[in-house]
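Okay, so here's the structure we're looking at.
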Amino acid sequence: MITTLCYIEKDDKYLMLHRTKKQNDINSGKWLGVGGKLEKGESPEQCLLREIEEETGLTAKAYNFRGIVIFNYNDEESLYMYLYTCKSFVGEIQECDEGDLKWVDKSNIFSLNLWEGDKIFLELIKEECPFFYLTLNYENDKLLSHELEFKEEFTSFEVFVPADYVQKIIKALREYKLLNEGFYADVYATCDVEGHWTTLEGAKPFDGEVGKESVAKEKLIKFRVKKEYKELAYYLIKKSHPYEVPVINMY
């Protein structure tokens, strides 16, 4: 099951919903943000906007997708909760049929009756942590365990190079462990391609002649590096590449 949960912010406060009115509510007595289940055909963002308006009367103008929380409760189906924060909204707060809405100082949030796992992701939000995946394993109200993983940002590379120079480039990247993926090193792929170009006046070609069209068998190297190392990877490739103007695609 997929749901949404949003913490609306204003003046260093969160708009909290005290779940006191809904029958047979697993969240009865707890304080939460606002949100709910996706309806048929809805995207998480559509659900988010609908739930905010239905539960609070407010219209969200901008919001941030902070993470996905996987809520495992007893033997029930896992709940995948898309977690958002929202600082930009318009409208007036209305009465909610699921509980009582209240602006609560962020400094007082942890004194409320919260799910233990909620304290974990609220702290992550407070610390402005990068996008995360948080798994919460419950037995009734008791949090048995949790797992936290942060989403890493990568830049993908495509490099066209003569076959004899593949290992030179790989060696340069290997020296700085740029091709490592977890417990695996030198993670990349290659395929055969055919390069076409015409050498213009003033060039100093590795292959080909000025004024003539050239065709050559090449290798295409594909790999990715952590985003913070993309410029280093680009420099190392360019330094190791035999072409005067190498084709290096980054995305």
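The values are calculated or read from the model by the stated rules, or taken from the named source; none is laboratory data. Keep in mind it's a predicted model, so treat the numbers as computed, not measured. Cβ placement follows ideal geometry from the backbone for every residue including glycine, while neighbour counts extend to all protein chains displayed. Heavy atoms of the whole protein, side chains included, go into the accessibility calculation; ligands, DNA and RNA do not. Shrake-Rupley method; radii C 1.70, N 1.55, O 1.52, S 1.80 Å.
Things to note:
- Cross-link table Lys21/Lys106; Lys168/Lys230; Lys37/Lys102; Lys151/Lys238; Lys21/Lys102, entries beyond 20 Å C-alpha to C-alpha: Lys21/Lys106; Lys37/Lys102; Lys151/Lys238
- Once the Cα atoms are used to define both axes, helix 166-175 deviates from the longest principal axis of the chain by about 50 degrees.
- Residue-count net charge about Asp192 - beta-carbon cut-off 15 Å; Lys, Arg +1, Asp, Glu -1: -1
- About its Cα centre, the dipole of the chain is roughly 800 debye, where the only charges are +1 on Lys and Arg Cβ and -1 on Asp and Glu Cβ.
- Residues whose amide H lies under 5 Å from that of Trp115, counting only those 5 or more places away or on a different chain, are Trp31; hydrogens are built 1.01 Å from N in the peptide plane.
- Helix 116-126 axis versus longest C-alpha principal axis of the chain: approximately 60°, rounded to the nearest ten.
- Largest mean-square fluctuation among Pro44, Pro205, Pro130, in a Gaussian network model of the chain whose springs join Cα atoms under 10 Å apart, belongs to Pro205.
- Nonpolar atom fraction for the stretch 1-93, defined as the carbon and sulfur part of the 1.4 Å probe accessible area, stands at 45 percent.
- Cα-based Rg and Dmax for the stretch 110-251, where Dmax is the largest Cα-Cα distance (Å): 23.4, 77
- Å² per residue, accessible surface of the stretch 116-251 at 1.4 Å: 65 Å²
- Computed in the context of the full set of protein chains, the accessible area of the stretch 94-251 at 1.4 Å probe radius has 48% of its extent on carbon or sulfur.
- Working from label points 7 Å from Cα in the Cα-to-Cβ sense, the Ser156 to Leu114 distance is 3.7 nm.
- Spin-label proximity, Asn24 to the stretch 106-149 - amide N less than 20 Å from point 7 Å beyond Cα toward beta carbon: 140-141
- Of Thr135, Thr190, Thr85, the one that fluctuates the most in a GNM where the chain has Cα springs shorter than 10 Å: Thr190
- Rounded tilt (10° steps) of 230-240 against the dominant C-alpha axis of the chain: 10 degrees
- Note on Lys37 and Lys102: with the Förster distance fixed at 25 Å, the Cβ-Cβ geometry gives a FRET efficiency of about 0.60.
- Note on Ser111: accessible area is roughly 100 Å² with a 1.4 Å probe, heavy atoms of protein only.
- The shape of the chain can be summarised by an equivalent ellipsoid whose semi-axes, obtained from the alpha carbon gyration tensor, come to 53, 20, 16 Å from longest to shortest.
- DSSP-defined antiparallel bridges as percent of all bridges, the stretch 1-99, nearest 5: 75 percent
- Shown is the FRET efficiency for Lys126 and Glu45, computed with R0 = 25 Å from the Cβ-Cβ distance and rounded to the nearest 0.05: 0.60.
- Using only alpha-carbon positions in the stretch 94-157, the gyration tensor eigenvalues give semi-axes of 28, 18, 12 Å once each is multiplied by 5 and square-rooted (largest first).
- Of all the options Val215, Val34, Val90, the one that moves most in a Gaussian network model of the chain with Cα springs shorter than 10 angstrom is Val215.
- Heavy-atom accessible surface of the stretch 17-73, averaged per residue, reaches 50 Å², computed with a 1.4 Å probe.
- Base-10 log of normalised Debye intensity for the stretch 32-177 (one unit scatterer per alpha-carbon) at q = 0.14, 0.21 Å⁻¹: -0.80, -1.54
- Computed from point charges on the beta carbon alone (+1 for Lys and Arg, -1 for Asp and Glu), the dipole magnitude for the stretch 32-132 about its Cα centre is near 480 Debye.
- Solvent-accessible surface ranking, highest first, for Phe154, Phe110, Phe121 at 1.4 angstrom: Phe110, Phe154, Phe121
- Antiparallel bridge percentage (DSSP; both residues within the chain; nearest 5): 80 percent
- Within the shell of other residues whose beta carbon sits under 10 angstrom from the beta carbon of Trp31, the net charge comes to +1, with Lys and Arg scored +1 and Asp and Glu -1.
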